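The structure under discussion appears below in the form of structure tokens.
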Amino acid sequence: MSLLSVQGLRVEFPTRRGVLTALDGVSFDLDRGEILGLVGESGAGKSMTGAAIMGLIEPPGHMAGGQITLEGQRIDQHPERYRGSHIGMVFQDPLTSLNPLQRIGDQLMETLKIHHGLDDATAKRRAMQALDEVGIEGKRRDHYPHEFSGGMRQRVVIALALASDPKVLVADEPTTALDVSIQAQILALLKQLCRDRGTGIVLITHDMGVIAQTTDRVAVMYLGRLVELGATDQVIHQATHPYTQGLMASTPTLAGSVDQDLFQIPGAMPRLDAVPAGCAFHPRCDRAMPQCKTHAPEFDGRRACFWSES
Ligand SMILES: Nc1ncnc2c1ncn2[C@@H]1O[C@H](COP(=O)(O)OP(=O)(O)OP(=O)(O)O)[C@@H](O)[C@H]1O
Ligand SMILES: [Mg+2]
């Protein structure tokens, strides 16, 4: 049994001009100690997928189909029972997760007391352990969030998320706001925690470089659907979907030659109220065939595309 399973996830937003489908048939599994990347351009539905797992879709948006299970148990019907305890969260801006008026050691203690009903002494010990684990030691624990750099703040948030010993961590662009060198440190920390504790991580990013550096498997999203899913090495070296190939070719660290002008996928991701017929990617695809304009290819567990090399 996989740790986390997302099956046929569909998310809709009713609007005055009709229903927008933000996610359509998104399915994937996550194992213990595995990092699964969700990648795609802005508007692909990455954060929406993370929000569905955490039960944080903003009304009137809602899950209109599918199910999410944790160790075989459905969690989408009562997500508040799992959020922050079984499912931890890390977002792009650490300040949204931290109380500016409270020392970070105290914040951790409080979280532990609330979530686990621990007494002061035990909560303090666990809080110190969690901060140790993310490399925050000594006097730093008595500091306030504004006294830390962005990277250190994100470490605090990771410690907060892990203090409850979640089985799954959803990290939505956790390093996007950080310098490249700090970004690498945080990604290495997530990797290490995942290995040491067996936590499953869903890592959301628009950056194929981060995917290559960090994840075991990757799910590529386009306009609310999965278009390619596979082992990261395989997807990176033998991407089979033209969209994935485009993402790779437009990533500086992965494109091969650095002196060449970097490729850009032509056009932009359409809005949800203007989804093209057929394959939603076809207007931007240099391999589109007549059938791509009229029929949407099914996702077969590995890719959703009519085009094949042979
Ligand atoms: N509250 C909302 N009401 C209606 N549509 C929404 C709402 N929130 C998000 N959407 C739409 O859902 C789609 C997916 O958005 P999502 O935030 O998941 O994208 P993303 O892949 O995380 O992009 P980014 O890289 O910009 O964070 C987008 O078209 C977005 O406009
Ligand atoms: Mg997002």
### Task
May I ask you to say which residue of 204, 211 is touching a residue at least 60 places away in the same chain (Cβ under 8 Å), in the same structural domain as residue 7 (by TED's automatic domain parsing) and in a helix (DSSP H, G or I)?
211
### Task
Please find, among 55, 88, 43, 66, the residue that is within 16 Å of ligand 1 (Cβ to nearest atom) and touching a Leu at 6+ places or on another chain (Cβ under 6 Å).
66
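Quick grid of which residues meet (1) out of contact with any strand residue (DSSP E or B) (no Cβ under 7 Å at 6 or more places or on another chain); (2) within 30 Å of residue 4 (Cα to Cα); (3) crowded, with 17+ Cβ neighbours inside 10 Å:
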position	(1), (2), (3)
238	yes, yes, no
241	no, yes, yes
248	yes, yes, yes
263	yes, no, no
266	yes, no, no
293	yes, no, no
### Task
List every residue pair whose Cβ atoms lie under 7 Å apart, where the two residues are 6 or more positions apart in sequence or sit on different chains, the first residue falls within region 41-67 and is free of Cβ contacts under 8 Å to residues at least 24 places away in the same chain, and the second residue, located anywhere, is near ligand 1 (Cβ under 9 Å from one of its atoms) and not in a strand (DSSP E or B).
51/57
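Just name the residue that is surrounded by the most Cβ atoms within 10 Å (Cβ to Cβ) out of those in region 96-105 that are more than 24 Å from the chain's Cα centre (by Cα) and assigned to a helix (DSSP H, G or I). Walk me through how you get there before you give the answer.
Step one: list which residues in region 96-105 are more than 24 Å from the chain's Cα centre (by Cα), which gives 100-105.
With assigned to a helix (DSSP H, G or I) added as a condition, the list becomes 104-105.
Details: 104: 27, 105: 21.
The qualifying residue surrounded by the most Cβ atoms within 10 Å (Cβ to Cβ) is 104.
Quick one: would you say residue 179 is more than 16 Å from ligand 1 (Cβ to nearest atom) and either under 30 Å from residue 117 (Cβ atoms) or modelled with pLDDT under 95 (or both)? Quick ask: steps written out before the conclusion?
Numbers: more than 16 Å from ligand 1 (Cβ to nearest atom): yes; either under 30 Å from residue 117 (Cβ atoms) or modelled with pLDDT under 95 (or both): yes.
For residue 179, the condition - more than 16 Å from ligand 1 (Cβ to nearest atom) and either under 30 Å from residue 117 (Cβ atoms) or modelled with pLDDT under 95 (or both) - is met.
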### Task
Name, by its number, the condition in (1) in a loop (DSSP other than H, G, I, E, B); (2) more than 27 Å from residue 169 (Cα to Cα); (3) away from ligand 1 (no atom under 16 Å from the Cβ) that does not hold for residue 254.
(2)
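In region 59-95, how many residues are assigned to a strand (DSSP E or B) and in contact with a helix residue (DSSP H, G or I) (Cβ under 7 Å, 6 or more places away or on another chain)?
Result for region 59-95: 7.
The values are calculated or read from the model by the stated rules, or taken from the named source; none is laboratory data. Because the structure is predicted, anything quoted here is derived from the model rather than measured. Please note: Cβ atoms are built from the backbone with ideal geometry, for glycine as well, and neighbour counts cover all protein chains shown.
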